[in-house]
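Student: Before I ask anything, here is the structure I am working with.
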Number of protein chains: 2
Amino acid sequence: MNDSAKDAAAADSLPESGAAASSATGLSRRGLLGLALGGGVASLAVGVGAGLSGGVALGRARAEADAQRAYDFFGAHQAGITTPVQEHLHFASFDMMPRTDREDLVSLLQDWTYAASRMTQGLEVSATGAVGGDAEVPPDDTGEALGLTAAGLTITFGFGPTLFENDEGDRYGIASLRPERLERLPAFLGDDLDPQTSHGDLCIQACADDPQVAVHAIRNLSRIAFGRAKLRWSQLGFGKTSRTTSAQATPRNLFGFKDGTANILADDSVALDENVWLGPDDRPEWMVGGSYLVARKIAMRIETWDRVRLSEQNTIIGRDKGEGAPLSGGDEFAAPDFGTSAIDQNAHVRLAHPDQNDGIRILRRGFNYVNGNNDLGRLDAGLFFLSYQRDPAQFVSLQRRLSTDRMNEYVTHVGSGIWAVPGGSKPGSFVGADLFA
Amino acid sequence: MNDSAKDAAAADSLPESGAAASSATGLSRRGLLGLALGGGVASLAVGVGAGLSGGVALGRARAEADAQRAYDFFGAHQAGITTPVQEHLHFASFDMMPRTDREDLVSLLQDWTYAASRMTQGLEVSATGAVGGDAEVPPDDTGEALGLTAAGLTITFGFGPTLFENDEGDRYGIASLRPERLERLPAFLGDDLDPQTSHGDLCIQACADDPQVAVHAIRNLSRIAFGRAKLRWSQLGFGKTSRTTSAQATPRNLFGFKDGTANILADDSVALDENVWLGPDDRPEWMVGGSYLVARKIAMRIETWDRVRLSEQNTIIGRDKGEGAPLSGGDEFAAPDFGTSAIDQNAHVRLAHPDQNDGIRILRRGFNYVNGNNDLGRLDAGLFFLSYQRDPAQFVSLQRRLSTDRMNEYVTHVGSGIWAVPGGSKPGSFVGADLFA
């Protein structure tokens, strides 16, 4: 950020720069529909490697490119779903403020789109940003990302069931457009949900390879929402626990096991169309190109787990801890053979596998979390599970199947949420615009 | 990790490998004094760059080398003090368990030394580790760092005042060796300390460029302590807010300002000897080569700060937000001119500056933190301040001077701790051994 060349390029393509910004939100609400930022700012993800010789050098070049990577905010789908999973997460849930109206909601989504389209390119939330504006007003940008790159930032927005209708009724005139399937998840066996880490009218998933960039995004979007929406809860995560491209090594969760071996990958368009994206024939129409996001904060009793003998850990998961290979044989990517007794009837891999669930698959995008510790000196740690699916029923069906999972002895679901994630938006429009058309 | 070549190299130099490990702690207590690990395992920080052409390629090679970097655990001083500040922190405070004795404490320090000396080299906590041992016992290592590099991990140990003597008396026969200056910090104006995030018999500072590596270290050291010490509190941090080498750009704290511009750097041996390290003539003798660590959890009212006009933010800090230059002129590294009125009488930079504090300097090593949010929808965020000094009086004096700091309106100290950090240990010995000689 703080790159004057980048800012100049952005300013050129903006009908109105943030120079006029000094409203209570710190951003002008005017002119946002007319902006053409996403198309104007070229992605910073350049092809490096020219002039380097050898695979090692290319590997290094790739690492450098990763740090510089910027993903377009605009597109057919929202970024942050099939995007190669980044290293860090800041997830936030928001509730709309009392007495807000449809115009407030629309302007919020416009302002969020504007800021997100800039931040994902490594720019500040407005052209004047943290230090370029009138010194006698609060800055447009909080500044802690000055000097940092985009770091692969993606910002993904979702709409919760209560946005469409809650105890106060149809606040925004969109109750009739609520997707039939978008409703609070049913209670599952063993749930111990904390309302303080569950639900919410809106959600934002910010992922980046630098935690300060992800935190900067949520902080500024929260600040921009002032007077319209309020942070309900938020969670940081690290050490992605799934992969979305075959180039990514399978990471490990806090049970020490590889997680995400059989995930849906970004280049598997058939599986994505079948399991993740709402297609042209899906309804409501404004959700075409979108998906449903389920978040589950899964607390792990890691100290208890750490006292389980290795053979039992392997049995519970149904894979071996070292390689991640199914206990029925082969390597990590071998298909598990559920016909043998090598894989326990209630092993996690068996219960979760598509073959045992009428082919149901979901795209997982979870992260590990550690929130300090409790009074007993145990780490408050676990998996912040995120999954994208074409129909919430996919998650519900899988989660019910896991009711006899041997792993349940070591986990408790303490947070939950579901959001409709609209398709991507076009430059000049804003996220979820079709919902208000 | 999980590198058989590395493990083999380590095993060669170990008189006793973890193969014999199956005690309640997961590690053998025997033979630790005889181990010669640190000297036997060469640092993995190899000079890369050969065969690459051009500065860009070298820059990339350096990034790669950073990821692979491993710091020796053993040495004249503990690592993690002047070591170039890493990207991530997991800090943990421990209390000894009731009815533990001197032997328990010594064996704990031995076991911690053994594990730390391995983990800092990218190895598992024992030779058998997560998957190489007897499958019918709990693994020695929790496994989530399998496949990850050392990622620049440093592990730094400290002894709190209560370790020497507490309400139960002189539990470990070391009360007479307590450094006179090692006592709970005095109350400061505006303190609002939470005992749940303050104090502790022992502390461990784990820093790494990968948060999963830092978390893995604290988790395993906590597990190894089972029955002897219990986690009292812990805190994750990111986005280092200080630099310790001139090669590091000055990072920004969550007020959006550069932080650490005037920090003591690792190559300034005169300043280090004067301000950080206890020298040969300092007492007690077992602290020679050591330092005192102060931790302060400083909550920032960032939402309030974000509504302060830029000129006022600059005045409060005494530097300009963009470049970090003192308001008296020049660039970031220009000496502030306190003779002019450009820098407010109660600006942070004035009150904290050595020129205004009889030359007192400390080595800062803080990190930003975000622990979700509170019920008002405000981020629970701030600065986890860490500083090393030759005498706790340095911190006390500076902190008292800050009592009129204009920044105080936006911060509250909610956690506090002080620990004596012994000098580095030699291969074959353990951290703090001189205290028990």
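Any read-out appearing in this document is the output of simple, stated calculations on the displayed coordinates, not a laboratory observation. This one's a predicted model, so the numbers in the text were calculated from it and none came from an experiment. Glycine also receives a Cβ, built like all others from the backbone with ideal geometry; neighbour counts cover every protein chain displayed.
Student: In straight Cα distance, which lysines are under 16 Å from B:LYS297, not counting same-chain residues fewer than 8 positions off?
Tutor: B:LYS240
Student: Residues in the stretch B:362-401, backbone N under 16 Å from the label point at B:ASP273 (7 Å along the Cα-to-beta-carbon vector): list them, ranges by number please.
Tutor: So the set is B:390.
Student: Mind grabbing the base-10 log of I(q)/I(0) for the stretch A:230-355 at q = 0.09, 0.13, 0.20 Å⁻¹? Debye formula, identical points on the C-alpha positions, no solvent, two decimal places.
Tutor: -0.35, -0.69, -1.24
Student: R0 = 45 Å: FRET efficiency of A:ARG301 with A:ASP167, Cβ-based, nearest 0.05? Please report the intermediate quantities before stating the final value.
Tutor: Details: r = 35 Å, r/R0 = 0.79.
That pair, A:ARG301 with A:ASP167, gives E of 0.80.
Student: Another one. Give the shape of the stretch A:344-423 as rounded, prolate or oblate, defined through the alpha-carbon gyration tensor: a ≥ b ≥ c are the square roots of its eigenvalues, a/c under 1.5 means rounded, and otherwise the shape is prolate if a/b is larger than b/c and oblate if not. Don't jump to the answer; show the numbers that get you there.
Tutor: Numbers: a/c = 2.65, a/b = 1.31, b/c = 2.02.
In terms of gyration-tensor shape, oblate.
Student: Evaluate peptide B:231-238: per residue, the Cβ atoms of other protein chains within 10 Å of its Cβ; return the mean as an integer. List each step's numbers first, then the result.
Tutor: Numbers: counts 8, 3, 4, 8, 4, 7, 1, 8.
Average neighbour count from other chains, rounded to a whole number: 5.
Student: Please rank A:TRP419, B:TRP233, B:TRP286, fewest neighbouring Cβ atoms within 10 Å first, as an exposure proxy.
Tutor: On the way: A:TRP419 27, B:TRP233 24, B:TRP286 21.
Least crowded to most crowded, the residues run B:TRP286, B:TRP233, A:TRP419.
Student: Any idea what the A:ASP134 label distances to the other copies are, label 7 Å down the Cα→Cβ vector, nm, shortest first?
Tutor: Shortest to longest, the spacings are 7.5 nm.
Student: Hey, for A:GLY75 with labels 7 Å out along Cα-Cβ, what do the inter-copy distances come to in nm, ordered shortest first?
Tutor: Here A:GLY75 shows inter-copy label distances of 4.2 nm.
Student: State, to one decimal in nm, how far the label point of B:ASN374 lies from the label point of A:ASP331, with both points 7 Å from Cα in the Cβ direction.
Tutor: Computed distance between label sites B:ASN374 and A:ASP331 equals 5.3 nm.
Student: Apply 1/(1 + (r/R0)^6) to the Cβ-Cβ distance of B:ALA76 and A:GLU136, taking R0 = 45 Å, and write down the FRET efficiency to the nearest 0.05.
Tutor: Values: r = 52 Å, r/R0 = 1.16.
Step by step, r from the Cβ atoms, then E = 0.30.
Student: Which order do B:THR156, B:THR404 fall in if you start with the one that has the fewest other Cβ atoms within 10 Å? Display every interim value, and only then the final one.
Tutor: Numbers: B:THR156 27, B:THR404 11.
Arranged by neighbour count, lowest to highest, B:THR156, B:THR404 become B:THR404, B:THR156.
Student: Please arrange B:SER107, A:SER246 by counting, for each residue, the other beta carbons lying within 10 Å of its beta carbon, fewest first.
Tutor: On the way: B:SER107 19, A:SER246 11.
Lowest to highest Cβ neighbour count: A:SER246, B:SER107.
Student: If I model a spin label at A:LYS426 and B:ALA342 as a point 7 Å from the Cα along the Cα→Cβ vector, what separation in nanometres do I get?
Tutor: 5.2 nm
Student: Here's a follow-up. Check the straight Cα-Cα distances from B:LYS426 and name the lysines below 22 Å, setting aside those fewer than 8 residues away within the same chain.
Tutor: B:LYS6
Student: Once you sort the root eigenvalues of the Cα gyration tensor of the stretch A:211-286 as a ≥ b ≥ c, which label holds: rounded (a/c under 1.5), prolate (a/b larger than b/c) or oblate (the other case)? Let's see the in-between values first.
Tutor: On the way: a/c = 2.73, a/b = 1.20, b/c = 2.28.
Because a/c hits 1.5 or more and a/b fails to exceed b/c, the stretch A:211-286 counts as oblate.
Student: Give the aspartates and glutamates whose C-alpha is closer than 14 Å to that of B:LYS258, dropping any in the same chain fewer than 8 places away, or say none.
Tutor: Those aspartates and glutamates meeting the cut-off are A:GLU144, B:ASP320, B:GLU323, B:ASP331, B:GLU332.
Student: Have a look at B:ASN220, B:THR197, B:ALA187 and report the one farthest towards the positive end of the charge dipole of the stretch B:162-228, computed about the Cα centre with Cβ charges (Lys/Arg +1, Asp/Glu -1).
Tutor: Final value for the positive-end residue is B:ASN220.
Student: Along Cα→Cβ at 7 Å, what distances in nm separate the A:GLY169 label point from those on the other copies, shortest first?
Tutor: In nanometres, ordered from closest: 7.4.
Student: Based on the alpha-carbon gyration tensor of the stretch A:389-431 and its eigenvalue square roots a ≥ b ≥ c, which shape applies: rounded if a/c is under 1.5, prolate if not and a/b is larger than b/c, or oblate?
Tutor: On the way: a/c = 4.79, a/b = 2.71, b/c = 1.77.
Cα axes put the stretch A:389-431 in the prolate bin.
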